Amino acid sequence: MNQPSPQRCALGGRTVRRLTPAVLAAVIVAGAAACDNDTSSPGTARSTRTVSAEPAESPSQSASPRTQRDFEASVNAAVERNRQMAVKQLAGVQGKGNAVKDVSVSGVPVAQGEQFRSALVRVTNPTDKAAFYAVRVEFVDASGKVLDSVVLGIADAPPGRTVSEHANSRKAAGVKSFPRIAQAERS
């Protein structure tokens, strides 16, 4: 059977439960009384000032947090910049390029009615510093005919790590096609 605590024996169980809120209230009142509002005594700050200047006018709507649409637009702009850099880089490449062994591609299963064909491109940077990869992915049909060619620019691939990106083709949509690496150049 449970043994009563020493406090319960000395004061009775109900007395302790009734005193606890009263003791707590007394401690709060005593603490508040000790914190008077007189800030002129030595050792207390007389005022608090901000380091930054007050704004001359209220913030405009453009200062509001970024929306999802703004974020997507900035990501799309960065992807397009990288793609354009990759197109320029691959224009001067003879043959397949210096990084074909660093790149792999696999088709992504698509549902019927999809509006594009997608391939997952994986780049593994074997060097000891970050690198830019320009990759051309071709989507070919069963006879080997190239249906579409997509260029990806993968910036700052970390050393010794693998990064992934999707290559998407609208021209290869609805056709049984296979992705393959046509060119890959590391710089």
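What follows is calculated from the coordinates using simple rules that are stated; it is not laboratory data. Predicted model, so just to flag it, every value in this text is computed and none were measured. No Cβ is skipped: glycine too gets one built from the backbone with ideal geometry, and neighbour counts run over all protein chains shown.
A Förster radius of 45 Å, combined with the Cβ-Cβ distance separating residue 93 from residue 176, puts the computed FRET efficiency at roughly 0.95. Each Lys or Arg adds one and each Asp or Glu subtracts one; over the other residues with Cβ under 12 Å from the Cβ of residue 159, this totals 0. Partners of residue 176 within straight-line reach, counting lysines whose Cα lies under 27 Å from its Cα and excluding those fewer than 8 residues away in the same chain: 96, 101, 145.
Relative to the present Cα-Cα distance, how much length would full extension add between residue 100 and residue 161 at 0.36 nm per residue of separation?
20.4 nm
For residue 122 and residue 76, FRET efficiency with R0 = 25 Å and r from the beta-carbon atoms, rounded to 0.05?
On the way: r = 22 Å, r/R0 = 0.88.
Taking R0 as 25 Å, the efficiency between residue 76 and residue 122 is 0.70.
Remark: C-alpha extents of segment 72-187 on the principal axes read 42, 34, 25 Å, sorted largest to smallest. Over the C-alpha trace of segment 104-146, radius of gyration and Dmax come out as 14.1, 43 angstrom.
Please work out the Kirkwood hydrodynamic radius for segment 59-137, using every pair of different C-alpha atoms, and report it in angstroms with one decimal place. Result for segment 59-137 stands at 16.0 Å.
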